Amino acid sequence: MKLPSTEQTTPNVRPKKLDLDQRAISILRENEWGDYTLPTKGLYPYQWNWDSMFVALGFSEIDLDRAWTEVESLFQGQWKNGMAAHIVFRRDSPSYFPGPKIWGGTHEVPTSGCSQPPVAATIVRDLYEKDPVQGKKRLLDLFPRLMRWHRWFHTMRVISGGAAIAVTHPWESGRDNSPDWDEALDDVDPSGVTPYTRKDLGHVDAAMRPTNAQYDRYIKLVEYGRNCGWDHAQITREGPFAVADPGITFILMRADRDLQALARYLEKESAVHEIDTWLYRDKIAADYLWNDDIDAYAARNMRNGQHSDGVSSVSFLSYYAGITKPKRDAKLQRTLNRILSIAPYSLPSFDPEHPKFDSKRYWRGPTWAIINYLVARGLSEYGFEEKANRIRLDTRRVIQKSGFYEYFDPITGEGSGGNNFTWTAAIWLAWASPMTDG
Ligand code: GLC
(Lines give C-alpha, C1' and ligand atoms only; values in the text may rest on other atoms or scores of the structure.)
Protein backbone atom coordinates (compact mmCIF):
# COMPACT_ATOMS: atom_id res chain seq x y z
CA MET A 1 0.00 0.00 0.00
CA LYS A 2 1.27 3.50 -0.83
CA LEU A 3 0.55 6.21 1.64
CA PRO A 4 1.04 9.96 1.50
CA SER A 5 3.91 11.42 3.50
CA THR A 6 3.13 13.46 6.59
CA GLU A 7 3.98 16.71 4.76
CA GLN A 8 1.12 19.14 4.50
CA THR A 9 -0.70 19.54 1.21
CA THR A 10 -3.28 22.23 0.51
CA PRO A 11 -6.17 21.23 2.79
CA ASN A 12 -9.03 22.23 0.48
CA VAL A 13 -7.83 20.13 -2.45
CA ARG A 14 -7.12 17.03 -0.43
CA PRO A 15 -9.76 14.30 -0.78
CA LYS A 16 -11.44 13.40 2.50
CA LYS A 17 -10.07 9.88 2.63
CA LEU A 18 -6.53 11.25 2.59
CA ASP A 19 -7.37 13.40 5.61
CA LEU A 20 -7.99 10.26 7.58
CA ASP A 21 -4.75 8.67 6.39
CA GLN A 22 -2.83 11.77 7.45
CA ARG A 23 -4.66 11.93 10.74
CA ALA A 24 -3.90 8.28 11.46
CA ILE A 25 -0.21 8.88 10.81
CA SER A 26 -0.25 11.91 13.11
CA ILE A 27 -1.92 9.90 15.89
CA LEU A 28 0.90 7.34 15.75
CA ARG A 29 3.54 10.07 15.73
CA GLU A 30 1.92 12.12 18.51
CA ASN A 31 1.87 9.13 20.81
CA GLU A 32 5.47 8.05 20.23
CA TRP A 33 7.62 8.07 23.34
CA GLY A 34 11.05 7.39 21.94
CA ASP A 35 11.15 3.76 20.92
CA TYR A 36 7.63 2.85 22.05
CA THR A 37 4.12 4.20 21.52
CA LEU A 38 1.27 4.86 23.95
CA PRO A 39 -2.26 3.55 23.31
CA THR A 40 -3.36 7.15 23.78
CA LYS A 41 -1.96 9.98 25.87
CA GLY A 42 -3.69 10.55 29.24
CA LEU A 43 -5.80 7.42 29.63
CA TYR A 44 -2.96 4.96 28.97
CA PRO A 45 0.46 6.51 29.66
CA TYR A 46 2.67 3.40 29.19
CA GLN A 47 3.48 0.69 26.66
CA TRP A 48 0.80 -2.01 26.36
CA ASN A 49 1.76 -5.32 24.83
CA TRP A 50 -0.72 -6.01 22.04
CA ASP A 51 -1.43 -2.31 21.44
CA SER A 52 2.21 -1.88 20.66
CA MET A 53 2.22 -4.76 18.20
CA PHE A 54 -0.76 -3.37 16.27
CA VAL A 55 1.02 -0.04 16.29
CA ALA A 56 4.06 -1.78 14.76
CA LEU A 57 1.78 -3.06 12.01
CA GLY A 58 0.57 0.49 11.40
CA PHE A 59 4.10 1.87 11.38
CA SER A 60 5.14 -0.80 8.89
CA GLU A 61 3.03 1.04 6.30
CA ILE A 62 5.06 4.22 6.63
CA ASP A 63 8.32 3.43 8.43
CA LEU A 64 9.41 -0.20 8.60
CA ASP A 65 12.47 0.54 10.70
CA ARG A 66 10.30 2.23 13.36
CA ALA A 67 7.96 -0.77 13.28
CA TRP A 68 10.80 -3.13 14.23
CA THR A 69 11.91 -0.75 16.98
CA GLU A 70 8.41 -0.85 18.47
CA VAL A 71 8.56 -4.65 18.72
CA GLU A 72 12.08 -4.63 20.14
CA SER A 73 11.14 -2.14 22.85
CA LEU A 74 8.29 -4.38 24.04
CA PHE A 75 10.77 -7.13 24.82
CA GLN A 76 12.58 -4.88 27.29
CA GLY A 77 9.66 -5.96 29.46
CA GLN A 78 10.30 -9.70 29.02
CA TRP A 79 10.82 -11.56 32.28
CA LYS A 80 13.49 -14.19 32.92
CA ASN A 81 10.78 -16.86 32.81
CA GLY A 82 9.89 -15.78 29.24
CA MET A 83 6.71 -13.78 29.89
CA ALA A 84 6.38 -10.59 27.85
CA ALA A 85 4.47 -8.36 30.26
CA HIS A 86 1.15 -6.75 29.49
CA ILE A 87 2.33 -3.27 30.52
CA VAL A 88 5.90 -1.96 30.49
CA PHE A 89 5.97 1.00 32.86
CA ARG A 90 9.57 2.32 32.70
CA ARG A 91 8.45 5.30 34.81
CA ASP A 92 5.60 6.11 37.19
CA SER A 93 2.73 8.25 35.98
CA PRO A 94 0.37 9.76 38.55
CA SER A 95 -2.49 9.65 36.04
CA TYR A 96 -2.65 5.83 35.98
CA PHE A 97 -3.80 3.19 38.46
CA PRO A 98 -2.61 0.50 39.20
CA GLY A 99 0.98 1.58 38.56
CA PRO A 100 4.27 -0.28 39.02
CA LYS A 101 4.28 -0.21 42.84
CA ILE A 102 0.90 -1.91 43.10
CA TRP A 103 1.90 -4.62 40.64
CA GLY A 104 5.26 -5.20 42.34
CA GLY A 105 6.66 -6.97 39.25
CA THR A 106 9.93 -8.84 39.71
CA HIS A 107 11.59 -7.82 36.41
CA GLU A 108 14.30 -5.12 36.41
CA VAL A 109 12.29 -2.85 34.06
CA PRO A 110 9.02 -2.19 35.95
CA THR A 111 6.12 -4.09 34.41
CA SER A 112 2.76 -5.55 35.33
CA GLY A 113 2.68 -9.19 36.45
CA CYS A 114 0.65 -10.83 33.68
CA SER A 115 0.82 -11.02 29.89
CA GLN A 116 -1.50 -10.15 26.99
CA PRO A 117 -2.61 -11.75 23.69
CA PRO A 118 0.54 -12.75 21.78
CA VAL A 119 -0.02 -11.16 18.39
CA ALA A 120 3.71 -10.34 18.21
CA ALA A 121 5.01 -13.36 16.25
CA THR A 122 2.36 -12.88 13.58
CA ILE A 123 3.22 -9.23 13.20
CA VAL A 124 6.96 -9.95 13.23
CA ARG A 125 6.38 -12.36 10.36
CA ASP A 126 4.49 -9.60 8.51
CA LEU A 127 7.36 -7.17 9.04
CA TYR A 128 9.95 -9.71 8.01
CA GLU A 129 8.13 -10.64 4.82
CA LYS A 130 7.90 -6.98 3.81
CA ASP A 131 11.68 -6.83 3.61
CA PRO A 132 13.56 -10.02 4.50
CA VAL A 133 16.94 -8.46 3.81
CA GLN A 134 16.49 -5.59 6.24
CA GLY A 135 14.56 -7.81 8.65
CA LYS A 136 16.92 -10.76 9.00
CA LYS A 137 19.23 -9.29 11.63
CA ARG A 138 16.36 -8.01 13.72
CA LEU A 139 14.51 -11.29 13.42
CA LEU A 140 17.57 -13.19 14.61
CA ASP A 141 17.53 -11.21 17.83
CA LEU A 142 13.76 -11.40 18.36
CA PHE A 143 13.24 -15.04 17.44
CA PRO A 144 14.57 -16.60 20.69
CA ARG A 145 12.57 -14.08 22.70
CA LEU A 146 9.37 -15.03 20.90
CA MET A 147 10.13 -18.72 21.46
CA ARG A 148 10.60 -18.16 25.18
CA TRP A 149 7.36 -16.22 25.43
CA HIS A 150 5.31 -18.86 23.57
CA ARG A 151 6.93 -21.58 25.69
CA TRP A 152 5.85 -19.65 28.78
CA PHE A 153 2.22 -19.71 27.61
CA HIS A 154 2.36 -23.40 26.74
CA THR A 155 3.78 -24.33 30.14
CA MET A 156 2.69 -21.66 32.63
CA ARG A 157 -0.82 -21.01 31.38
CA VAL A 158 -2.09 -24.55 30.92
CA ILE A 159 -3.28 -26.81 33.67
CA SER A 160 -1.73 -30.25 33.60
CA GLY A 161 -3.44 -32.46 31.04
CA GLY A 162 -5.18 -29.51 29.38
CA ALA A 163 -4.23 -27.55 26.29
CA ALA A 164 -6.37 -24.40 26.22
CA ILE A 165 -4.59 -21.29 27.41
CA ALA A 166 -5.90 -19.82 30.65
CA VAL A 167 -5.92 -16.20 31.64
CA THR A 168 -5.38 -15.65 35.33
CA HIS A 169 -6.53 -12.05 35.29
CA PRO A 170 -9.21 -10.61 32.96
CA TRP A 171 -6.63 -8.00 31.96
CA GLU A 172 -4.41 -10.75 30.55
CA SER A 173 -7.08 -11.49 27.94
CA GLY A 174 -7.02 -7.91 26.63
CA ARG A 175 -10.85 -8.05 26.93
CA ASP A 176 -10.95 -6.67 30.41
CA ASN A 177 -14.58 -6.78 31.43
CA SER A 178 -16.10 -9.19 28.95
CA PRO A 179 -19.06 -11.16 30.37
CA ASP A 180 -16.82 -14.18 29.68
CA TRP A 181 -15.19 -13.55 33.06
CA ASP A 182 -18.28 -12.77 35.15
CA GLU A 183 -18.95 -16.17 36.64
CA ALA A 184 -15.32 -16.85 37.59
CA LEU A 185 -14.83 -13.29 38.83
CA ASP A 186 -17.85 -13.63 41.11
CA ASP A 187 -15.94 -16.36 42.93
CA VAL A 188 -13.05 -14.01 43.71
CA ASP A 189 -13.53 -12.74 47.24
CA PRO A 190 -12.96 -8.97 47.19
CA SER A 191 -12.91 -8.53 50.96
CA GLY A 192 -9.81 -6.98 52.46
CA VAL A 193 -8.72 -5.32 49.23
CA THR A 194 -6.35 -2.43 50.02
CA PRO A 195 -8.27 0.85 49.56
CA TYR A 196 -7.44 2.57 46.25
CA THR A 197 -8.63 5.36 43.97
CA ARG A 198 -9.54 4.57 40.38
CA LYS A 199 -7.95 6.87 37.80
CA ASP A 200 -9.73 5.64 34.68
CA LEU A 201 -12.96 7.40 35.65
CA GLY A 202 -11.17 10.77 35.48
CA HIS A 203 -10.65 10.19 31.74
CA VAL A 204 -13.73 8.28 30.57
CA ASP A 205 -17.44 8.19 31.47
CA ALA A 206 -18.19 5.57 34.16
CA ALA A 207 -20.98 4.11 31.99
CA MET A 208 -18.32 2.88 29.56
CA ARG A 209 -15.99 1.36 32.16
CA PRO A 210 -15.99 -1.65 34.48
CA THR A 211 -18.03 -1.34 37.69
CA ASN A 212 -16.43 -0.84 41.13
CA ALA A 213 -17.37 -4.39 42.16
CA GLN A 214 -15.40 -5.71 39.18
CA TYR A 215 -12.52 -3.37 39.90
CA ASP A 216 -12.18 -4.56 43.52
CA ARG A 217 -11.74 -8.08 42.22
CA TYR A 218 -9.21 -6.99 39.59
CA ILE A 219 -7.11 -5.45 42.32
CA LYS A 220 -7.54 -8.47 44.57
CA LEU A 221 -6.09 -10.64 41.79
CA VAL A 222 -3.11 -8.31 41.46
CA GLU A 223 -2.56 -8.54 45.22
CA TYR A 224 -2.68 -12.35 45.08
CA GLY A 225 -0.04 -12.43 42.33
CA ARG A 226 2.20 -9.96 44.12
CA ASN A 227 1.91 -11.83 47.43
CA CYS A 228 3.04 -15.10 45.84
CA GLY A 229 6.00 -13.38 44.16
CA TRP A 230 4.38 -13.77 40.73
CA ASP A 231 4.82 -17.52 40.72
CA HIS A 232 2.93 -18.05 37.47
CA ALA A 233 2.68 -21.82 37.76
CA GLN A 234 1.04 -21.49 41.18
CA ILE A 235 -1.26 -18.69 40.01
CA THR A 236 -2.57 -20.81 37.12
CA ARG A 237 -2.81 -24.00 39.17
CA GLU A 238 -4.43 -22.69 42.31
CA GLY A 239 -4.97 -18.93 42.15
CA PRO A 240 -8.40 -17.35 42.55
CA PHE A 241 -9.07 -17.05 38.79
CA ALA A 242 -8.16 -19.21 35.77
CA VAL A 243 -10.38 -19.17 32.68
CA ALA A 244 -9.55 -20.76 29.33
CA ASP A 245 -9.83 -17.96 26.82
CA PRO A 246 -10.71 -18.54 23.14
CA GLY A 247 -9.16 -15.14 22.34
CA ILE A 248 -5.70 -15.79 23.70
CA THR A 249 -5.79 -19.47 22.73
CA PHE A 250 -6.62 -18.75 19.08
CA ILE A 251 -4.21 -15.83 18.86
CA LEU A 252 -1.42 -18.01 20.25
CA MET A 253 -2.27 -20.84 17.82
CA ARG A 254 -1.93 -18.46 14.92
CA ALA A 255 1.23 -17.00 16.35
CA ASP A 256 2.65 -20.54 16.79
CA ARG A 257 2.19 -21.14 13.07
CA ASP A 258 3.82 -17.86 12.18
CA LEU A 259 6.67 -18.51 14.58
CA GLN A 260 7.18 -21.86 12.91
CA ALA A 261 7.37 -20.16 9.52
CA LEU A 262 10.00 -17.82 10.97
CA ALA A 263 11.90 -20.82 12.38
CA ARG A 264 11.95 -22.29 8.89
CA TYR A 265 13.24 -19.05 7.38
CA LEU A 266 16.04 -19.14 9.92
CA GLU A 267 16.56 -22.90 9.50
CA LYS A 268 16.05 -23.54 13.22
CA GLU A 269 15.05 -27.19 13.02
CA SER A 270 14.74 -27.90 16.74
CA ALA A 271 12.40 -24.93 17.12
CA VAL A 272 10.29 -26.23 14.21
CA HIS A 273 9.90 -29.53 16.08
CA GLU A 274 9.13 -27.93 19.40
CA ILE A 275 6.41 -25.83 17.77
CA ASP A 276 4.93 -28.98 16.19
CA THR A 277 4.19 -30.27 19.69
CA TRP A 278 2.42 -27.01 20.51
CA LEU A 279 0.36 -27.14 17.32
CA TYR A 280 -0.71 -30.68 18.10
CA ARG A 281 -2.06 -29.56 21.49
CA ASP A 282 -3.74 -26.53 19.93
CA LYS A 283 -6.33 -28.75 18.25
CA ILE A 284 -7.26 -30.34 21.57
CA ALA A 285 -7.66 -26.86 23.00
CA ALA A 286 -10.19 -25.93 20.32
CA ASP A 287 -12.30 -29.01 21.14
CA TYR A 288 -12.28 -28.03 24.79
CA LEU A 289 -13.56 -24.53 24.02
CA TRP A 290 -16.43 -25.44 21.70
CA ASN A 291 -19.84 -24.87 23.33
CA ASP A 292 -22.68 -26.73 21.61
CA ASP A 293 -25.31 -24.80 23.55
CA ILE A 294 -24.48 -21.55 21.78
CA ASP A 295 -22.88 -22.87 18.58
CA ALA A 296 -19.65 -21.04 19.18
CA TYR A 297 -16.27 -21.32 20.91
CA ALA A 298 -16.56 -19.92 24.40
CA ALA A 299 -14.48 -19.22 27.49
CA ARG A 300 -14.41 -21.96 30.10
CA ASN A 301 -13.78 -21.68 33.80
CA MET A 302 -10.83 -23.98 34.59
CA ARG A 303 -11.93 -24.39 38.19
CA ASN A 304 -15.31 -26.00 37.42
CA GLY A 305 -15.32 -26.63 33.65
CA GLN A 306 -18.29 -24.31 33.13
CA HIS A 307 -18.60 -22.59 29.75
CA SER A 308 -19.50 -18.95 29.23
CA ASP A 309 -23.04 -18.82 27.80
CA GLY A 310 -22.51 -15.92 25.39
CA VAL A 311 -20.82 -15.43 22.02
CA SER A 312 -17.80 -13.11 22.06
CA SER A 313 -16.27 -11.73 18.88
CA VAL A 314 -13.11 -13.74 19.59
CA SER A 315 -15.09 -16.92 19.02
CA PHE A 316 -14.70 -16.21 15.30
CA LEU A 317 -10.90 -16.21 15.57
CA SER A 318 -10.87 -19.95 14.98
CA TYR A 319 -10.21 -19.32 11.27
CA TYR A 320 -7.36 -16.98 12.08
CA ALA A 321 -6.02 -19.76 14.32
CA GLY A 322 -6.19 -22.26 11.45
CA ILE A 323 -8.86 -24.44 13.08
CA THR A 324 -11.59 -25.89 10.90
CA LYS A 325 -14.08 -28.67 11.43
CA PRO A 326 -16.80 -28.73 8.75
CA LYS A 327 -19.80 -29.46 11.00
CA ARG A 328 -18.77 -26.97 13.62
CA ASP A 329 -17.92 -24.36 11.03
CA ALA A 330 -21.39 -24.56 9.54
CA LYS A 331 -22.84 -23.79 12.98
CA LEU A 332 -20.30 -21.06 13.63
CA GLN A 333 -21.14 -19.42 10.30
CA ARG A 334 -24.83 -19.41 11.20
CA THR A 335 -23.98 -17.74 14.50
CA LEU A 336 -21.88 -15.16 12.68
CA ASN A 337 -24.66 -14.48 10.14
CA ARG A 338 -27.11 -13.89 12.95
CA ILE A 339 -24.83 -11.41 14.69
CA LEU A 340 -23.90 -9.57 11.48
CA SER A 341 -27.58 -9.17 10.68
CA ILE A 342 -28.25 -7.36 13.97
CA ALA A 343 -25.25 -5.06 14.30
CA PRO A 344 -24.83 -2.47 11.53
CA TYR A 345 -21.33 -1.60 12.76
CA SER A 346 -20.01 -5.09 13.35
CA LEU A 347 -18.38 -6.98 14.94
CA PRO A 348 -19.87 -6.55 18.43
CA SER A 349 -17.61 -7.89 21.16
CA PHE A 350 -20.58 -9.68 22.73
CA ASP A 351 -23.77 -11.17 21.31
CA PRO A 352 -26.35 -8.35 20.90
CA GLU A 353 -29.13 -10.82 21.70
CA HIS A 354 -27.63 -11.83 25.04
CA PRO A 355 -29.10 -10.15 28.16
CA LYS A 356 -25.63 -8.99 29.19
CA PHE A 357 -25.00 -7.12 25.94
CA ASP A 358 -24.20 -3.45 26.56
CA SER A 359 -23.42 -1.42 23.44
CA LYS A 360 -21.33 1.14 25.32
CA ARG A 361 -19.57 -0.65 28.10
CA TYR A 362 -16.11 -1.69 27.11
CA TRP A 363 -15.86 -5.38 26.11
CA ARG A 364 -19.52 -6.12 26.81
CA GLY A 365 -20.76 -5.14 23.36
CA PRO A 366 -18.71 -2.47 21.56
CA THR A 367 -16.88 -3.07 18.28
CA TRP A 368 -13.07 -2.98 18.29
CA ALA A 369 -11.11 -2.38 15.07
CA ILE A 370 -8.28 -4.70 16.12
CA ILE A 371 -10.55 -7.71 16.64
CA ASN A 372 -12.29 -6.96 13.34
CA TYR A 373 -8.94 -7.05 11.62
CA LEU A 374 -7.94 -10.41 13.12
CA VAL A 375 -11.33 -12.06 12.54
CA ALA A 376 -11.57 -10.82 8.95
CA ARG A 377 -8.02 -11.89 8.20
CA GLY A 378 -8.91 -15.44 9.22
CA LEU A 379 -12.26 -15.44 7.38
CA SER A 380 -10.61 -14.24 4.23
CA GLU A 381 -7.93 -16.92 4.42
CA TYR A 382 -10.68 -19.57 4.52
CA GLY A 383 -12.56 -18.11 1.56
CA PHE A 384 -15.28 -16.24 3.47
CA GLU A 385 -14.47 -13.14 1.45
CA GLU A 386 -17.90 -11.60 1.60
CA LYS A 387 -18.02 -11.63 5.38
CA ALA A 388 -14.42 -10.50 5.70
CA ASN A 389 -15.20 -7.60 3.42
CA ARG A 390 -18.37 -6.71 5.28
CA ILE A 391 -16.37 -6.48 8.53
CA ARG A 392 -13.67 -4.43 6.85
CA LEU A 393 -16.16 -1.99 5.36
CA ASP A 394 -17.97 -1.68 8.69
CA THR A 395 -14.64 -0.79 10.29
CA ARG A 396 -13.98 1.78 7.60
CA ARG A 397 -17.46 3.32 7.89
CA VAL A 398 -17.36 3.56 11.65
CA ILE A 399 -13.99 5.32 11.62
CA GLN A 400 -15.14 7.65 8.84
CA LYS A 401 -18.25 8.42 10.83
CA SER A 402 -16.81 8.82 14.32
CA GLY A 403 -13.00 9.06 14.15
CA PHE A 404 -10.19 7.10 15.76
CA TYR A 405 -11.89 6.03 18.97
CA GLU A 406 -10.78 3.18 21.19
CA TYR A 407 -14.01 1.30 20.38
CA PHE A 408 -17.47 1.90 18.89
CA ASP A 409 -21.14 1.31 19.58
CA PRO A 410 -22.05 -1.54 17.17
CA ILE A 411 -25.60 -0.28 16.76
CA THR A 412 -25.16 3.49 16.34
CA GLY A 413 -21.49 3.67 15.35
CA GLU A 414 -20.77 6.25 18.04
CA GLY A 415 -17.14 6.31 19.24
CA SER A 416 -16.41 5.49 22.89
CA GLY A 417 -13.54 5.28 25.37
CA GLY A 418 -10.33 7.12 24.55
CA ASN A 419 -10.04 9.21 21.39
CA ASN A 420 -7.06 9.46 19.01
CA PHE A 421 -6.32 5.84 19.75
CA THR A 422 -3.18 4.40 18.20
CA TRP A 423 -4.43 0.89 17.53
CA THR A 424 -7.46 2.20 15.67
CA ALA A 425 -5.17 4.48 13.64
CA ALA A 426 -2.84 1.56 12.95
CA ILE A 427 -5.63 -0.71 11.76
CA TRP A 428 -6.87 2.08 9.52
CA LEU A 429 -3.47 2.42 7.87
CA ALA A 430 -2.80 -1.30 7.53
CA TRP A 431 -6.24 -2.52 6.54
CA ALA A 432 -9.35 -0.33 6.76
CA SER A 433 -8.36 2.75 4.74
CA PRO A 434 -9.56 2.92 1.11
CA MET A 435 -5.85 3.32 0.35
CA THR A 436 -5.45 -0.37 1.20
CA ASP A 437 -7.97 -1.47 -1.45
CA GLY A 438 -6.74 -3.84 -4.10
C1 GLC B 1 -7.71 -1.77 27.95
C2 GLC B 1 -8.04 -2.87 26.95
C3 GLC B 1 -6.77 -3.62 26.60
C4 GLC B 1 -5.75 -2.63 26.06
C5 GLC B 1 -5.52 -1.46 27.03
C6 GLC B 1 -4.69 -0.35 26.41
O7 GLC B 1 -7.23 -2.26 29.14
O8 GLC B 1 -9.01 -3.73 27.45
O9 GLC B 1 -7.03 -4.61 25.63
O10 GLC B 1 -4.55 -3.27 25.80
O11 GLC B 1 -6.76 -0.91 27.39
O12 GLC B 1 -5.29 0.11 25.23
Per the filter on the stretch 148-178, residues modelled with pLDDT of 95 or more and among the hydroxyl-bearing types (S, T, Y) are T155, T168, S173, S178
Matching residues in the stretch 289-328 - criterion: being in contact (Cβ under 8 Å) with a residue 24 or more places away in the chain and farther than 25 Å from I159 by Cβ: D295, S313, F316, Y319, T324
Checking the condition touching a helix residue (DSSP H, G or I) at 6+ places or on another chain (Cβ under 8 Å), of a type in the set (A, V, I, L, M, F, W, C) and closer than 25 Å to P100 by Cβ, which residue from A233, A244, A261 passes? A233
Mind counting the residues in the stretch 118-167 that are open to solvent by 60 Å² or more (accessible area, probe 1.4 Å) and closer than 15 Å to T249 by Cβ? 1
Can you pull out the residues in the stretch 332-367 that are β-branched (V, I, T) and either under 21 Å from D292 (Cβ atoms) or away from the ligand (no atom under 16 Å from the Cβ) (or both)? T335, I339, I342
Scan the stretch 67-79 and give yes if some residue there is assigned to a loop (DSSP other than H, G, I, E, B), over 20 Å from A369 (Cα atoms) and out of contact with any strand residue (DSSP E or B) (no Cβ under 9 Å at 6 or more places or on another chain), otherwise no. no
Residues of the stretch 411-429 that turn out to be within 16 Å of the ligand (Cβ to nearest atom) and not in a helix (DSSP H, G or I), as a count: 7
Cβ-Cβ under 7 Å, sequence separation 6+ or interchain: first residue in the stretch 217-229 and in contact (Cβ under 8 Å) with a residue 24 or more places away in the chain, partner part of a loop (DSSP other than H, G, I, E, B) and among the hydroxyl-bearing types (S, T, Y). Which pairs? I219/Y196; E223/T194; G229/T106
So for the stretch 61-80 (the condition being within 13 Å of the ligand (Cβ to nearest atom) and surrounded by fewer than 21 Cβ atoms within 10 Å (Cβ to Cβ)), does at least one residue qualify? no
Being in a loop (DSSP other than H, G, I, E, B), within 16 Å of the ligand (Cβ to nearest atom) and among the charged types (D, E, K, R), is that true of even one residue in the stretch 207-215? yes
Just give me the residues in the stretch 388-410 being of a type outside the set (A, V, I, L, M, F, W, C), away from the ligand (no atom under 16 Å from the Cβ) and open to solvent by 40 Å² or more (accessible area, probe 1.4 Å), in sequence order. N389, R390, R397, Q400, K401
Report whether or not W181 is more than 16 Å from the ligand (Cβ to nearest atom) and of a type in the set (F, W, Y). no
Take A56 and decide whether it is under 16 Å from the mean Cα position of the chain (by Cα) and in a helix (DSSP H, G or I). yes
Residue in the stretch 168-178 that is nearest to the ligand (Cβ to nearest atom), counting only those that are buried (at least 24 other Cβ atoms within 10 Å of the Cβ) and of a type outside the set (S, T, Y): G174
Quick check on this structure: which one of R338, R364 is basic (K, R), in contact with a helix residue (DSSP H, G or I) (Cβ under 8 Å, 6 or more places away or on another chain), in contact (Cβ under 8 Å) with a residue 12 or more places away in the chain and open to solvent by 10 Å² or more (accessible area, probe 1.4 Å)? R364
Show the residue pairs that are 6+ apart or on different chains and have beta-carbon atoms under 6 Å apart, the first residue being within the stretch 160-189 and in contact (Cβ under 8 Å) with a residue 40 or more places away in the chain and in a helix (DSSP H, G or I), the second being more than 12 Å from the ligand (Cβ to nearest atom) and basic (K, R). P179/K356; L185/R217
Please list, ordered by first then second residue, the pairs with beta carbon atoms under 7 Å, 6 or more apart or interchain, first in the stretch 87-103 and more than 14 Å from Y36 (Cβ to Cβ), second of a type in the set (S, T, N, Q) and open to solvent by 10 Å² or more (accessible area, probe 1.4 Å). F97/T197; G99/S93
Looking at this structure, is D256 touching a strand residue (DSSP E or B) at 6+ places or on another chain (Cβ under 6 Å), buried (at least 20 other Cβ atoms within 10 Å of the Cβ) and among the charged types (D, E, K, R)? no
Answer yes if at least one residue in the stretch 30-46 is assigned to a helix (DSSP H, G or I) and under 20 Å from V119 (Cα atoms), and no otherwise. no
State whether the residues of the stretch 369-383 include one that is in a loop (DSSP other than H, G, I, E, B), at positive phi and either in contact with a Cys (Cβ under 8 Å, 6 or more places away or on another chain) or within 16 Å of the ligand (Cβ to nearest atom) (or both). no
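The values are calculated or read from the model by the stated rules, or taken from the named source; none is laboratory data. This one's a predicted model, so the numbers in the text were calculated from it and none came from an experiment. Please note: Cβ atoms are built from the backbone with ideal geometry, for glycine as well, and neighbour counts cover all protein chains shown. Quick note on the areas: whole protein, heavy atoms, side chains included, nothing else; ligands and nucleic acids left out. Shrake-Rupley method; radii C 1.70, N 1.55, O 1.52, S 1.80 Å.
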